[in-house]
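The structure appears right after this line, and notes come after that.
The values are calculated or read from the model by the stated rules, or taken from the named source; none is laboratory data. Values in this document were obtained by computation on a predicted structure and should not be read as measured data. Every residue, glycine among them, receives a Cβ derived from its backbone with ideal geometry; neighbour counts consider all protein chains shown. Accessible surface is based on the protein model in full, side chains and every heavy atom, while ligands, DNA and RNA are left aside. Shrake-Rupley method; radii C 1.70, N 1.55, O 1.52, S 1.80 Å.
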Amino acid sequence: MRVLGGVSAAPGAAIGAPWIYRAPSSRGEDRLDLREATKAAEAELVALADRLRHAGRAEDAGILDAQALMAHDPELIGGARRRMRDGAAASAAILAEGEAQAAALSALDNEIVAARAVDVRDVAQRIARAIRGDVGPRLERPSVAVAADLPPSVTVELDQELLLGIALEAGSPTAHAAILARALGIPAVVGVAGLLDAASDANSLGVDGTGGAVTIDPDGAARERLEAVLAEQRERRAADAQLRATPLATRDGHRITLLANVGRPDEAVSAATAGAEGIGLFRTEFMFMGRSSAPTVAAQAEAYFAALAPFVGRPVVIRTLDVGGDKQLPYLAQEPEGNPFLGLRAIRLAEHNRELLVAQLRAILKAAARSKAETWIMAPMVADLGDVALVRALLAEAAVDRDDSARQPRVGIMVELPAAAVLADQLAGAVDFFSIGTNDLTQYLLAADRTNPSLAQRQDPMHPAVLRSVRTVVRAGRMAHIPVAVCGEMAGDPVGAVTLAGLGVDELSMDPGSFGAVKRALGAVTQVEAERIAARACDARSAADARRMVADLVLESAAGGSSHD
Amino acid sequence: MMHQVTLNVRNPSGLHARPAALFVRAAAAFAADIRVVNLTRAPRKAAPAKSLLALLALGVSSGDRIRVVAEGADADAAVAALRALVESGLGEAMPPSPES
C-alpha cells in the first residue's frame, strides 16, 4: 500500500478499480484515413453534445459543439495534411498539428482563448483514436478515472453511474475535470506526482478528495477509514437533499415562503440551487463600491438581470442603493455629517444625488423588462408617506421614456425605521409589500449601535420592543392585504424564525446557509405553538427571557414532537 | 468580385465561445473565400472565416472592429449575412448603446 499526496479538487472519498486514460500513441497501425476519422469524430461529438443538451447540461453541450466545429477546422486538418505530405502517418500528423495549434492558442494574451487550447488537443486525440480504430473511452465497472489530465470531452463521455472519482497527475482545481467532479459530487485529487506509474499496477485506488491523497491498494484499515468518510458523506447528502426538497413549514403544514438574501448576482444561482423560492433582499451596493465613478445604466442592468435570471416566475426584491456618509464614494456629492447613520443616506441621497438614484431605477426597469422573474423594487430608510411619494416620483422619472407599463414592478419598502413601524397602517395602503429589516430596527428602537460590541446584549432582535413592532407591522400588512417579509438576521436564526412565524410573518429571507437550520426548527413546532410562544415573548421582560422561552419550546419539540398535540 | 464590410463587435463575448461558432457556421454556408481581420488588435492578420481556430486566434473582444472580406460567386450574400449576424449580436443579448 502506498499513499500519494496531491491537491484537493473535489471533496469526498471513493474506493474503486483504476481506469487509466492515456492519449493515443502513434505506435502501430493506422486503420482509417484522416477524412473518415474526422467525420467519425465529429459525429461522436455532435451525438455527445445532443445527449448533454437533453440532460440539461447546456454549457457542457456548448463546449462539445465548438469541438465538433474544430474537428473539420481547415487550419487543423490543413496542417495535418501538410505533415502527412512530409511523410508523417495520419495519426502522428493530427496529434502533432493539434499540439501545435494548442500551443499557438496558449501563447495568446487572451485568457479565454488560451483555455480553448485544451479543446483542440482533445479533438486531435479523438481523431487520432478514430484513425487507429481504438475503442472509445468507456468504463466497464465502477472506477476511479486516472490520467495525466482528462480531456473535457472524455470527462463528459464517461458513464457517470460508474465514475466514482478522479485522480490526475497534472491538472489543477480549476480544470474541467475538477469542475465536473464537484458538480457530480465525486471526489477529485489533482497534481499527484507519480500517479500513472503507481496506478498502472494497482488493483484498487482510494481517493480522498477532502484531504488530497490517493491510496494505492488500500489495506483493511485504510479501506475502513475511506469507507467511513464515504458513508458519512452519503448520509449528509441524502439529508441535505431531502431538506432542500422540503418547503419551509411548521409541523402541521403552515407554509412560509423561503427567500434568500444575496449581495452579488452569482449568489442568486446558488441560492436557487439551495432551494430559495425567490430573493427577499438583493443588496445592490456591490455595483457602487470600489469605483471612482458611478456605474453606467447598462452595466447595472446586466448585473441586475443576472440576479433575476435564475428565478423564472418568482419574486426578486431589489433594494435601491443603501449607502451614505459612512462610506466614502468619491462620486457622491456629500457633506460631512456628525452622525452618518442618521444622515443623508439611502433614499435621502435624492437630496443631492437624485440622478444617481434615478439612473439605478432606470437600470432596474431595463433588467426587469427583459426578465421572466417578478421584479420587486424596495426602498430602504423610508419613514413616512412623504418618502414613499419620493420613491414613486423617482421611479416615474426613470420610467419616462419607457413604454412597458404593462409589467410594472411591485414597489415596497424596508421597514427599519421605528417611524415606519409606528405608521405601518398608513404605509401599508401605499405600497405593495413590507420587508422588515430587524437589524436596523433593533438598533434604532433600542438606541444600540450595531457596530459596538459592548452593546451586544442590547442588540438582540428578540427584545419585546422589537417583537411588538413586528406584530404591529404584520397586523397593518394583513389589513391592507400585502405580504410582510423579514430580511434581517433574525429570519435566519432558528429561534427568531419560529417567533416571526408565530407573529404571522409571511416570508422569511436569509442567507441560504441558514435554510437547513430554520427548516428544522420551524418543522419541529405547530403554528398554534408558535403563535402562543410569540405572544408570550411579546410580554417578556427582556430579550434574554424571550429568547429562552422560544428556545425551550424548539428544543422540547425537536426532542419529543409527537407528545405535543 | 470582392465584397467587404467593417463592423463593430458589440456583443459581450466578442468573437469567442458560442458567437464564434455561430460565425463560422454562417460563413461555412457560402462558397466564397471569406477572411476576417481584427482592425483593433491584429490589423495585419487575415483569418479564414471558416476556421474556428484561426478566428479564435484573432482575439476579437467586445468593442473591437473587424473587417470581413469575401471573394467569389456568392461573396455579396456572404458579407450581408455575416454583417447581419454581427449586428444582431451573434446570439447574445447586447448592452444598450452608451447614450442611454
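How much accessible surface does residue A:270 have with a 1.4 Å probe, in Å² rounded to 10?
Accessible area, nearest 10 Å²: 70 Å².
Give me the accessible area per residue for segment A:358-450, probe 1.4 Å, as a whole number in Å².
On the way: 3510 Å² over 93 residues.
Result: 38 Å² per residue.
Taking the highest mean first, how do the peptides A:45-55, B:9-19 order by number of other beta carbon atoms within 10 angstrom per residue?
Numbers: A:45-55: 16.2, B:9-19: 20.8.
Ranked from most to least packed, the peptides come out as B:9-19, A:45-55.
Mind giving me the FRET efficiency for residue A:25 and residue A:228? R0 is 41 Å, r the Cβ-Cβ distance, nearest 0.05 is fine.
Rounded to the nearest 0.05, the efficiency is 0.55.
So, R0 is 60 Å and r is the distance between the beta-carbons of residue A:548 and residue B:6; what FRET efficiency does that work out to, to 0.05?
It comes to 0.20.
Relative to the present Cα-Cα distance, how much length would full extension add between residue A:58 and residue A:115 at 0.36 nm per residue of separation?
Contour length minus Cα-Cα distance gives 18.7 nm.
Please work out whether segment A:433-553 counts as rounded, prolate or oblate from its C-alpha gyration tensor, where a ≥ b ≥ c are the square roots of the eigenvalues and a/c under 1.5 means rounded, while otherwise a/b larger than b/c means prolate and anything else oblate?
Since a/c stays below 1.5, the shape of segment A:433-553 is classed as rounded.
Roughly how crowded by other chains is peptide A:67-73, in terms of the mean Cβ count from those chains within 10 Å of each of its Cβ atoms?
Averaged over the peptide's residues, the number is 5.
Give me the percent of the accessible area of segment A:1-106 that comes from carbon and sulfur atoms, probe 1.4 Å, all protein chains in place.
51
If the label point is 7 Å along Cα→Cβ of residue A:410, which residues in segment A:356-375 have backbone nitrogen under 14 Å from it?
The answer is A:373-375.
Taking the alpha-carbon distance from residue A:372 and a cut-off under 20 Å, which aspartates and glutamates remain once sequence neighbours fewer than 8 residues away in the same chain are dropped?
A:266, A:267, A:277, A:302, A:403, A:404, A:432, B:92
Once the whole set of protein chains is in place, how much accessible area is left on residue A:157, using a 1.4 Å probe, in Å² to the nearest 10?
About 40 Å², rounded to the nearest 10.
Sort A:493-505, A:7-19, A:547-559 by the packing proxy (mean of other Cβ within 10 Å over each peptide's residues), most packed first. Numbers along the way, then the final one.
Numbers: A:493-505: 25.4, A:7-19: 21.0, A:547-559: 17.4.
Highest mean packing first, the order is A:493-505, A:7-19, A:547-559.
Could you tally the net charge around residue A:491, taking each other residue with its Cβ under 13 Å from the Cβ of residue A:491, Lys/Arg +1 and Asp/Glu -1?
-4
Buried accessible area for the A:B pair, summed, 1.4 Å probe, in Å² rounded to 100? Each step should come with its number before you reach the end.
Working: alone 25860 and 5420 Å², together 29670 Å².
For A against B, buried area totals roughly 1600 Å².
How many nm separate the modelled label positions at residue A:242 and residue A:270, each set 7 Å beyond the Cα in the direction of the Cβ?
Simple spin-label model gives 2.6 nm for this pair.
Give the angle, between 0 and 90 degrees and rounded to the nearest 10, that separates the Cα long axis of helix A:117-132 from the longest principal axis of the Cα atoms of chain A.
40
Taking every residue in A:102-114, how many Cβ atoms of other protein chains lie within 10 Å of its Cβ, on average?
Across A:102-114, the average partner-chain Cβ count within 10 Å equals 4.
Which value, in Å² and to the nearest 10, is the accessible area of residue A:331 when all protein chains are kept and the probe is 1.4 Å?
Estimated to the nearest 10 Å², residue A:331 gives 50 Å².
With the Cα gyration tensor of segment A:514-565 in hand, give its eigenvalues times 5 under a square root as the equivalent ellipsoid semi-axes, listed largest first in whole angstrom. Show your work: numbers first, answer last.
Numbers: eigenvalues 71, 34, 19 Å².
The three semi-axes for segment A:514-565 are 19, 13, 10 Å.
Out of the DSSP beta bridges found with both residues in chain A, what percent are antiparallel (nearest 5)?
Just about 30 percent of them are antiparallel.
Using a 1.4 Å probe on the protein heavy atoms, what percent of the accessible area of segment A:409-565 belongs to carbon and sulfur?
For segment A:409-565, the apolar C and S fraction of the accessible surface comes to 51 percent.
What whole-number value in cubic angstrom gives the convex hull volume per residue for the C-alpha atoms of segment A:159-252? Mind dumping the intermediate values first?
Details: hull volume 12.6 nm³, N = 94.
Measuring per residue, one finds 134 Å³ for the Cα hull of segment A:159-252.
Please compute, for peptide B:54-63, the average count of beta-carbon atoms on other protein chains lying within 10 Å of each residue's beta-carbon.
Taking all residues of B:54-63 together, the mean is 5.
Of A:189, A:152, A:135, which is farthest towards the positive pole of segment A:134-191's charge dipole, taken about the Cα centre with +1 and -1 on the beta-carbons of Lys, Arg and Asp, Glu respectively?
My answer, from the dipole projection, is A:189.
Tell me, what is the FRET efficiency for residue A:401 and residue A:539 to the nearest 0.05, using R0 = 45 angstrom and their Cβ-Cβ distance as r?
0.25
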